[in-house]
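Shown next, in structure tokens, is the structure this report addresses.
The values are calculated or read from the model by the stated rules, or taken from the named source; none is laboratory data. Only a predicted model underlies this, so the values are computations on that prediction, with no experimental measurement involved. Positions of Cβ are generated from backbone atoms using ideal geometry, with glycine treated the same way; all protein chains shown enter the neighbour counts.
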Amino acid sequence: VKIIKSASEISKVKEGDILVAVMTNPDFVPAMRRASAILTDEGGRTSHAAIVSRELGIPAVVGSQSATKMLRNGEVITVDGASGKVYSSDVTKIEQVEVDKTDYDSLKTATRIYMNLAEPDLADEMSGKNVDGVGLLRAEFMIAQIGKHPRKFIKEKKQKEFIDKLADGMTKFCAAFEPRPVVYRFTDFRSNEYANLIGGKEFEQEEPNPMIGYRGVGRYIDDSEVFELELEAIKKVRNKLGYKNLWVMYPFVRTVDQLAEVKKITAAAGLRRSSTFKVWMMVEIPSNVILLDDFIAVGIDGVSVGTNDLTMLTLGVDRDNEKVADTYSEMNLAVLQSLEKIVKTCRKNKITSSICGQAPSVHPELVKMLAQWGITSISVSPDVLNKTRKIVYDAEKALLKERLAGKR
């Protein structure tokens, strides 16, 4: 165990140590690369520690509440990321397992397999894998790394500094993955997360329920000045630096009118849909599912399903509340029927469909269903990339066999 109180102590973490912290942030990444496991007091499954550990393929247990107080430096523990348990000694067992002889690099699928990424420093490493692009590039990590509230940059008349820093982060991904697409999801920080940035308290009001509060596209329309900083960063990467593989995705679009309005702001900034600039919309609210034909009619190239929020809002379950966590399931019939409707509606309207929530990463049986319904792409965390490709490969092979048998 190595307990780290701040990023200034990360050099204490040596190869193979278990990194224990209250929570992690982008400054911890060099130490996280050396760690054999990560254990934090705070955070949920979409926290920095949870996401980066999946990108690195190492076990993590987040939200333990008291690990930094209960443990001592040098103590031997075992972290089981699969079950979320931590043991007070070395309880690892060496088991003989059959060697996986699958040549994953040679597996080709009609369904594109994308990757969810957040950490710019891992872009080069991840781009070397058998992956068709980045299906979800999270803006939030890059903005957290910048560290200051965008409104504070505007107040200080330092907009260019924010634009340049954000563009630098995007460029790392685009350069690493070129010519494969990188789908950048515009910032979806909630007000409580924005408040944690330097100067944030000045510009954010406390909300009773930030998860369904001032966030997503509604926020861009209300405060287009901040949204335009993101648009300028995208223009810099695409037009000045020439990375035409950068696409965009709108998150948390509550109404059809909101989609039309945010598209106008995007077009006014000089970014219009084209054969090299695809515009996607996240489908993560029941209204998106119910009125999907109407959203598509506004003019988008594809959708990507955010199963985390869609499951939460379909079942009325706060995904960050452990008291109701046992009700939260992406495999609930209501969620599955929504997913099937989304994929089939996109096929009918001849636009692409993707999924980038956690569900495909944790439910292999769902991956098979998605392939059977005809989803265009599946975006997963890097640690399950090969497994997902193999499930899709097998599902497509079985479908082909069925179709050939039916023609006889």
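For every residue, the table says whether it meets (1) under 14 Å from L122 (Cα atoms); (2) over 19 Å from the mean Cα position of the chain (by Cα); (3) surrounded by 20 or more Cβ atoms within 10 Å (Cβ to Cβ).
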{"site": "A139", "(1), (2), (3)": "no, no, yes"}
{"site": "H149", "(1), (2), (3)": "no, yes, yes"}
{"site": "Q159", "(1), (2), (3)": "no, yes, no"}
{"site": "F173", "(1), (2), (3)": "yes, no, yes"}
{"site": "P181", "(1), (2), (3)": "no, no, yes"}
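Between I146, I163, the distinction of being out of contact with any strand residue (DSSP E or B) (no Cβ under 8 Å at 6 or more places or on another chain), touching a residue at least 60 places away in the same chain (Cβ under 8 Å) and of a type outside the set (D, E) belongs to I163 only. Scanning the stretch 281-311 for residues that are within 16 Å of the chain's Cα centre (by Cα) and under 25 Å from P364 (Cβ atoms) turns up M282, V283, E284, V303, S304, V305, G306, T307, N308, D309, L310, T311. Just a yes or no: is a residue in the stretch 365-374 of a type in the set (A, V, I, L, M), part of a helix (DSSP H, G or I) and touching a Cys at 6+ places or on another chain (Cβ under 9 Å)? Checked against the condition, which is being of a type in the set (A, V, I, L, M), part of a helix (DSSP H, G or I) and touching a Cys at 6+ places or on another chain (Cβ under 9 Å), the stretch 365-374 yields no hits at all.
If you take the residues in the stretch 38-88 that are hydroxyl-bearing (S, T, Y) and at pLDDT below 85, which one is nearest to K5 (Cα to Cα)?
Let us first name the residues in the stretch 38-88 that are hydroxyl-bearing (S, T, Y), namely 40, 46-47, 53, 64, 66, 68, 78, 83, 87-88.
Pick out the ones that are also at pLDDT below 85 and you get 46-47.
Working: T46: 21, S47: 17 Å.
Only one residue fits best here, namely S47.
Can you give me the number of residues within the stretch 205-226 that are polar (S, T, N, Q) and assigned to a loop (DSSP other than H, G, I, E, B)? Before you say what the answer is, go through the steps one by one.
As a first pass, look at the stretch 205-226 and keep what is polar (S, T, N, Q): 205, 209, 224.
Narrowing the set further to residues that are assigned to a loop (DSSP other than H, G, I, E, B) leaves 205, 209.
Total meeting the criteria: 2.
One residue alone among V324, V362 is among the aliphatic types (A, V, I, L, M), modelled with pLDDT under 90 and under 25 Å from A118 (Cα atoms), and that residue is V362. Determine whether F295 is of a type in the set (F, W, Y) and farther than 18 Å from R215 by Cα. Judged against the criteria, F295 is a match.
Condition check: out of contact with any Leu (no Cβ under 7 Å at 6 or more places or on another chain) and among the aromatic types (F, W, Y). Does F173 satisfy that? Here the answer is no, as F173 does not meet what is asked. Just one residue in the set K244, K235 is among the basic types (K, R) and touching a Ser or Thr at 6+ places or on another chain (Cβ under 8 Å); that residue is K244.
Checking each residue in the stretch 131-170 for being closer than 27 Å to T307 by Cα and modelled with pLDDT of 95 or more picks out V131, D132, G133, V134, G135, L136, L137, L166, G169, M170.
Just to verify a result, which residue in the stretch 1-26, among those that are of a type outside the set (S, T, Y) and closer than 15 Å to L56 by Cα, is modelled with the lowest pLDDT?
In the first step, residues of the stretch 1-26 are kept if they are of a type outside the set (S, T, Y); the result is 1-5, 7, 9-10, 12-23, 25-26.
If we keep only those that are closer than 15 Å to L56 by Cα as well, we get 15-19, 25-26.
Working: E15: 94, G16: 95, D17: 95, I18: 96, L19: 96, N25: 80, P26: 73.
Once the filter is applied, the top-ranked residue is P26.
Among the residues of the stretch 341-358, how many are more than 20 Å from the chain's Cα centre (by Cα) and either under 19 Å from I51 (Cα atoms) or surrounded by 22 or more Cβ atoms within 10 Å (Cβ to Cβ) (or both)? Step through it out loud before you land on a result.
Just the residues of the stretch 341-358 that are more than 20 Å from the chain's Cα centre (by Cα), to begin with: 341, 344-351.
Subsequent filtering for residues that are either under 19 Å from I51 (Cα atoms) or surrounded by 22 or more Cβ atoms within 10 Å (Cβ to Cβ) (or both) retains 346.
Here the count works out to 1.
Among the residues of the stretch 124-175, those identified as within 20 Å of S379 (Cβ to Cβ) and not in a helix (DSSP H, G or I) are G128, K129, N130, V131, D132, G133, V134, G135, L136, L137, R138. Inside the stretch 72-103, residues that are surrounded by fewer than 11 Cβ atoms within 10 Å (Cβ to Cβ) and among the small types (G, A, S) make up a count of 4.
For the stretch 183-213, give me each residue that is out of contact with any helix residue (DSSP H, G or I) (no Cβ under 9 Å at 6 or more places or on another chain) and surrounded by 17 or more Cβ atoms within 10 Å (Cβ to Cβ). Passing the criteria: only V183. Quick check on I10: is it in contact with a Phe, Trp or Tyr (Cβ under 7 Å, 6 or more places away or on another chain), at negative phi and of a type outside the set (D, E, K, R)? Yes, satisfied. Selection of the stretch 13-30 for residues being within 20 Å of I143 (Cβ to Cβ) and of a type in the set (D, E, K, R) yields only D27. Taken across the stretch 104-123, residues that are in a loop (DSSP other than H, G, I, E, B), exposed (fewer than 11 other Cβ atoms within 10 Å of the Cβ) and among the acidic types (D, E) do not occur at all.
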